[in-house]
Amino acid sequence: SSKTFWTTTGMFPQELIIGFPKCVKISKVGIQCYLVRTLRIERSTSKDPVGFEQCVEKDLQHTEGQLQMEEFPLPEFQATYLRFIIKSAFDHFVSVHRVMAEGT
């Protein structure tokens with residue numbers, strides 16, 4: 001629902017882990033968030049959410065009063081878990097409104 005979101009506690013880094021029912025192939029990841037400055041996306045192919053490796057890290061543009069909408073086209077890779085690490089922000093609190101992963 002676009003009316004729900006996940007918010008940070010005010011200290012950084014913060015992380016959000018998303019798990020898939022099985023290992024999937026991912027070609028693109030997208031996120032809608034607010035006031036995120038630096039974001040890192042990592043993946044794991046383990047049965048449990050351990051052994052993450054970095055996929056991408058990016059400094060996002062500040063969009064005052066609007067959601068940030070970022071897409072990360074990636075070389076197709078496999079993942080059972082995706083970890084989104086918010087390393088820094090433009091304010092004390094940020095929010096994540098939507099996470100998207102495309103693939104098979």
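The values are calculated or read from the model by the stated rules, or taken from the named source; none is laboratory data. Worth saying up front: this structure is predicted, and the values here are computed from it rather than measured. Because the Cβ atoms are built from the backbone with ideal geometry, glycine has one as well, and the counts that use them run over all protein chains shown. In case anyone asks, the SASA skips ligands and DNA or RNA and just uses the protein heavy atoms, side chains included. Shrake-Rupley method; radii C 1.70, N 1.55, O 1.52, S 1.80 Å.
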**Request:** Tabulate in residue order the Karplus-calculated ³J(HN,Hα) for the stretch 74-83, using 6.51 cos²θ - 1.76 cosθ + 1.60 with θ = phi - 60°, rounded to whole Hz; enter x for Gly and Pro.
**Result:** 10, x, 3, 9, 9, 7, 9, 9, 10, 10
**Principal axis box of the chain, alpha-carbon based, largest edge first, Å** = 36, 25, 23
**Fill in**
Heavy-atom accessible area of THR80, protein chains in place, probe 1.4 angstrom, given in Å² to nearest 10, is 20 Å²
**Message:** Accessible area of the chain with a 1.4 Å probe: how many percent of it is carbon plus sulfur?
**Reply:** 50 percent
**Request:** Quick one: of LYS22/LYS58; LYS22/LYS87; LYS3/LYS47; LYS28/LYS58, which pairs are farther than 25 Å apart, Cα to Cα?
**Result:** LYS22/LYS58; LYS22/LYS87; LYS3/LYS47
**Prompt:** Rounded to the nearest whole Å², what accessible area per residue is found for the chain with the 1.4 Å probe?
**Reply:** 61 Å²
**Request:** Please work out the Cα center distance from the stretch 65-94 to the stretch 1-52, rounded to the nearest Å.
**Result:** 6 Å
**Asked** With contacts defined as alpha carbon pairs under 8 Å and 6 or more residues apart, what's the relative contact order of the chain in percent?
**Response** 48 percent
**Request:** Work through the residues other than GLN78 whose Cβ is under 12 Å from its Cβ and net out their charges, Lys, Arg +1 and Asp, Glu -1.
**Result:** +1
